[in-house]
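Chemist: The structure is given below, and queries will be raised subsequently.
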Amino acid sequence: MSITPKKNDKQAPIDPKRLEKLKNLEATVGEIEKSFGKGSIMRLGDGVIAREVTGLSTGSIGLDANAGFPGDLRVATQRAVVRNEPIARGIVDANVTITGPLARAPVIGGTVRLDRVEVTIPDRLPGSATTIPVTHTNVPPERRQFFPQPNPRGPNGRAAPPPPPCDARLDLTVTAINQIVVRGSGINADFGGNFRITGTTRAPVVNGGLRLRRGIVDIIGQRLTITTGTISFADTLDPILDLEATTRSGSYTAIVSITGRASAPVIRFSSVPQLPEDEVLSVILFGQLSAGLNAGQAIALAEAVASLTGARSGGLL
């Protein structure tokens with residue numbers, strides 16, 4: 001973007017103070033877009049309309065580059081649609097303040113109410129899958145913000161050090177009452193709760209938790225009711241899971257528990273009355289103990305045991 005003063009027909013001389021302000025404004029926009037990405041500022045006349053957001057922004061930004069462009073902004077939204085495709089989509093009400101040096105380390109604080117959030121759990125890659133390194137070449141200028149770019153070369157031929165990133169401090173309270181819906185990988189559940197986000201944008205610290213309201217889970221082709229469940233955050237974005245699903249067959253109640261970090265969940269099988277894990281699987285699959293299975297059912301049980309053994313090391317379900 002380039003900001004230039006408009007010229008009238010008489011070519012009136014440009015006020016030096018106004019020209020200086022325009023240059024400072026252009027520098028401010030450049031610094032903000034460098035930190036937050038091109039398109040982070042919507043300009044009148046760009047033809048961009050945020051149809052899904054009802055909000056009000058007020059405040060001021062100082063045009064002092066040496067001070068990091070100090071600002072005092074307040075943003076209030078009603079039913080703003082927030083997306084992180086294809087994983088999450090939500091409707092948010094927020095009352096947030098952004099203060100301090102905007103290009104360096106502003107403070108983002110306030111309250112966020114999640115009116116409804118839909119989370120889709122993607123299918124997991126096999127445990128043996130590895131990341132393939134990709135180098136993007138000839139990326140069009142308008143798309144470069146979406147791809148990592150190598151640092152430009154300095155006078156000595158070495159890569160120039162990147163500019164210091166903006167690392168905003170966080171102080172946000174997030175509330176979601178019965179409004180987080182989780183779907184995918186066999187899970188269909190509703191959660192509610194609240195948590196607090198502190199730390200910085202580069203190293204957020206999340207504390208709080210979500211509690212199950214209702215839910216079901218499909219495991220090895222069978223549907224179980226999730227009877228209890230919590231998702232707890234303790235100084236990390238990798239939450240602690242504590243979920244329990246049950247199903248009843250004959251005189252047995254089979255229990256499946258999912259515990260541990262979301263990045264490495266642990267699945268255990270138990271029952272009332274107590275049975276070995278393979279027998280619990282037999283009850284879940286066929287409603288009877290393994291001694292009464294025919295040859296085809298015994299093979300299916302062995303495949304289920306092997307599948308869940310792999311799930312414990314490389315995936316959830």
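The values are calculated or read from the model by the stated rules, or taken from the named source; none is laboratory data. None of the values given here were measured: they were computed from a predicted structure. Neighbour counts run over all protein chains shown; Cβ positions are idealised from the backbone, glycine included. In case anyone asks, the SASA skips ligands and DNA or RNA and just uses the protein heavy atoms, side chains included. Shrake-Rupley method; radii C 1.70, N 1.55, O 1.52, S 1.80 Å.
Chemist: Limited to the stretch 158-184, what total is found for residues that are more than 11 Å from residue 194 (Cα to Cα), open to solvent by 80 Å² or more (accessible area, probe 1.4 Å), touching a strand residue (DSSP E or B) at 6+ places or on another chain (Cβ under 7 Å) and modelled with pLDDT under 85?
Modeler: Matching residues across the stretch 158-184 total 1.
Chemist: Got at least one residue in the stretch 81-101 being at negative phi and in contact with a Phe, Trp or Tyr (Cβ under 8 Å, 6 or more places away or on another chain)?
Modeler: Yes, the conditions are met somewhere in the stretch 81-101.
Chemist: Right, next: Hey, could you check the stretch 84-104 for residues that are at pLDDT 80 or above and open to solvent by 70 Å² or more (accessible area, probe 1.4 Å) and say which is nearest to residue 168 (Cα to Cα)?
Modeler: So, considering only residues that are at pLDDT 80 or above and open to solvent by 70 Å² or more (accessible area, probe 1.4 Å), the one nearest to residue 168 (Cα to Cα) is 104.
Chemist: Right, another one. Just for strands (runs of 3 or more DSSP E) wholly inside the stretch 198-306: which have at least 3 residues that are open to solvent by less than 60 Å² (accessible area, probe 1.4 Å) and under 21 Å from residue 117 (Cβ atoms)?
Modeler: 204-219, 222-234
Chemist: Restricting attention to the stretch 253-268, which residues are at pLDDT 90 or above and not small (Gly, Ala, Ser)?
Modeler: Passing the criteria: 253, 255.
Chemist: Condition first: over 22 Å from residue 190 (Cα atoms) and of a type in the set (D, E, K, R). Can you find one or more residues in the stretch 210-223 that meet it?
Modeler: So far as the stretch 210-223 goes, no, none of its residues is over 22 Å from residue 190 (Cα atoms) and of a type in the set (D, E, K, R).
Chemist: List the residue pairs whose Cβ atoms are under 8 Å apart, where the first residue sits in the stretch 69-83 and is closer than 16 Å to residue 172 by Cα and of a type in the set (A, V, I, L, M), the second is open to solvent by 80 Å² or more (accessible area, probe 1.4 Å) and assigned to a strand (DSSP E or B), and the two are 6 or more positions apart or on different chains.
Modeler: Hits for this filter: 73/57; 75/56; 75/57; 75/95; 76/56; 76/57; 76/95.
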